[in-house]
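Accompanying notes for the structure given below.
Values quoted throughout were computed directly from the atomic coordinates according to the rules given, and no laboratory measurement underlies them. Owing to the predicted nature of the structure, the values given are computational and were not obtained by experimental measurement. Note: ideal-geometry Cβ built from the backbone for every residue, glycine included; neighbour counts use all protein chains shown.
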Amino acid sequence: MNTKQFSETIKKKAHQLGFQKIGIAAAQSLTKQQSNLETWLKNGFHAEMHWMEKRKDERGDIFSYFPEAKTVISVGMNYYTGMSEDILSTSINFSNYAWGEDYHSLLKTRLTELLDFIKIQIPYIKGLVCVDTSPVMEKAWAQEAGIGWQGKHTNLITRDYGSWLFLGEIILDVELNYDQSFDEDLCGSCTACIDMCPTKALDEYVLDSEKCISYLTIEHRGPFSEESQQKLHGWIYGCDICQEVCPWNQKFQQKSEEMAFQPHWEVAHWTDDDWGNIDEDKFRKLFRKSAVKRTKYEGLKRNLQANESNT
Ligand code: B12
Ligand code: SF4
Ligand code: SF4
């Protein structure tokens, strides 16, 4: 099998494994993105996410992370459930990306299967599977691999699914056949995400985490300052506003066939009282296999109480 055929075989397998988008990029230094990352960190836009600062050299330069890297296979999985916040039986807002199973384990399992498949063809190959937590600029690599572009809300958007996609990668130490990078910016003169962000966290292509509800409800540790608390706007986990208002989502979002992303019964049916009465035991049972465990029981309780005080 030549390199072109092998690349096509990998893509076919990735589709069979449930990835809607797949692209292949040559591992290279992304100097512009690295410099943007450095400016972002210098401006303090990572807030208290010190882990972003700690591994900035690896995140900014793939060869610092994996010196033998030759290829980045980038994948996207559609998680749009076909439903909006309105289906929740509560006035509380809860981000759709965490309604069902934890995407980290789901994508990692599928990508490991893909890597095993690749290794059957080339047993000596060295590969790394990455999903979210690795020091890799996933959106930048998805753009390099031709999957889509980074919109003004900073998320990666595709022509055929909008931005409701989780991203992941396999980095390999062999060369493959590379796709054309996505060089267009299809945001045009639109500024809907910037205008509708309730906390003014967005400037064009730049996000200030300290002001972002997603950061505050998921990543921020400890109590809120008076100012931060006012910013939650009813959200207890994550925030979807900048993506909901994006015309690319409104026009091109497609319902995912992945049942794992459909909302857990409790997430869809719990009332304000049920959420108010959540205890540590219920939290553990409900979110054992969910991305929500990142904020821990104390974090979710803090978010609930902060929203209650706001009203
Ligand atoms: C840190 C992080 C966060 C932080 C910071 C977000 C951010 N924009 O950086 C917080 C906690 C706020 C967050 C929130 C969310 N996140 Co997040 N997050 C990450 C993580 C771990 C790193 C992102 C990163 O590298 N940021 C560093 C900054 C510098 O990068 P950037 O904002 O993308 O900036 C780039 C461009 O905008 C541009 N740029 C910067 N400055 C300038 C200036 C000019 C003039 C120009 C033209 C361009 C430009 O260059 C930069 C480098 O390419 C990635 C996973 C990963 N390993 O990559 C997931 C990831 C980005 N998150 C994801 C998701 C789903 C979310 C949420 C939607 C969750 C939610 N519903 O609440 C929100 C979205 C909020 C938003 N509008 O971005 C997905 C996004 C999928 C997609 N389709 O893009 C990722 C890829 C995880 C995954 N594996 O799927 N997240
Ligand atoms: S996730 Fe919410 S708070 Fe954060 S930038 Fe988007 S709209 Fe603003
Ligand atoms: S809302 Fe408009 S500006 Fe924002 S990402 Fe979508 S198309 Fe781009």
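Hydrophobic long helices, here whole DSSP H runs in the chain with Kyte-Doolittle means of at least 0.0 and Cα atoms spread over 18 Å or more along the helix axis, are found at 103-121. When all alpha carbon pairs of the range 79-208 are counted in 10 Å bins from zero, the resulting P(r) reads 10, 31, 36, 17, 5, 0 %.
Given the DSSP H assignment, sum -39500 (n - 2.57) over each helix run of at least 4 residues in the chain and divide by its residue total; what's the result at 222 nm in deg cm²/dmol, nearest 500?
-10000 deg cm²/dmol
Rg ratio for the chain: its Cα radius of gyration over 2.2 N^0.38 Å, N being its residue count, equals 1.01. Cβ-Cβ distance of Val174 and Lys13, R₀ of 22 Å, FRET efficiency by 1/(1 + (r/R0)^6): the value works out to about 0.85. Every Cα-Cα pair of the range 1-135 was included, and the share exceeding 23 Å stands at 51 percent. Averaging the Cα positions of each part gives two centres, and for the range 131-148 and the range 42-65 these lie 15 Å apart.
Think of the range 198-273 as a dipole: +1 on every Lys or Arg Cβ, -1 on every Asp or Glu Cβ, centred on the Cα centre; then among Cys242, His264, Ser228, Cys242 lies furthest on the positive end. Sequentially through the range 227-237, phi angles give Karplus couplings (6.51, -1.76, 1.60; θ = phi - 60°) of 5, 5, 4, 5, 8, 6, 6, x, 8, 10, 7 Hz, Gly and Pro residues having no value and appearing as x. Evaluated over the Cα positions of the range 1-63, the convex hull gives a direction-averaged projected area, one quarter of its surface, of 6.3 nm².
What the Kirkwood sum gives for the range 146-244 is a hydrodynamic radius of 15.5 Å, with every pair of different alpha carbons counted. Counting only residues at least eight positions apart within a chain, or on another chain, the lysines with an alpha carbon under 24 Å from that of Lys152 are Lys21, Lys32, Lys42, Lys56, Lys139, Lys200, Lys211, Lys231, Lys251, Lys255.
With one equal scatterer per alpha carbon and no solvent term, the Debye-computed log10 I(q)/I(0) for the range 101-154 at 0.18, 0.27, 0.28 1/Å reads -0.77, -1.10, -1.11.
Going by a 4.7 Å Cβ-Cβ cut-off, which cysteines of the chain have no partner at all? If one checks each Cβ against the other cysteines of the chain, Cys130, Cys187, Cys190, Cys197, Cys212, Cys239, Cys246 turn up with nothing under 4.7 Å. Running a GNM on the chain with Cα contacts under 10 Å, which residue among Ser29, Ser228, Ser181 ends up with the highest mean-square fluctuation? Its mean-square fluctuation being the largest, the pick is Ser29. Cβ-Cβ distance of Thr271 and Leu41, R₀ of 41 Å, FRET efficiency by 1/(1 + (r/R0)^6): the value works out to about 0.50.
Can you tell me which of Thr158, Thr90, Thr217 moves the most in a GNM of the chain? Springs connect C-alpha atoms under 10 Å apart. The residue with the greatest mean-square fluctuation here is Thr90. Under a 5 Å amide H cut-off, with hydrogens placed 1.01 Å from N, Asn93 pairs with Trp235, Ile236 among residues at least 5 apart or on other chains.
With a Förster radius of 35 Å applied to the C-beta separation of Glu113 and Glu226, the computed FRET efficiency comes to 0.15.
Given a 10 angstrom Cα cut-off, can you work out which residue in Lys293, Lys152, Lys285 is the most mobile in a GNM of the chain? Result: Lys285 has the largest fluctuation of those listed.
Placing a label point 7 Å from the Cα of Phe6 along the Cα-to-Cβ direction, the residues of the range 161-179 whose backbone N falls under 14 Å of that point are 172-178. Rounded to the nearest 20 debye, the dipole size of the range 61-217 about its Cα centre is 260 debye, using +1 on the Cβ of Lys and Arg and -1 on the Cβ of Asp and Glu. Overall form of the range 236-309: prolate. Here a/c, set by the Cα gyration tensor axes a ≥ b ≥ c, is 1.5 or more, and a/b is the larger of a/b and b/c.
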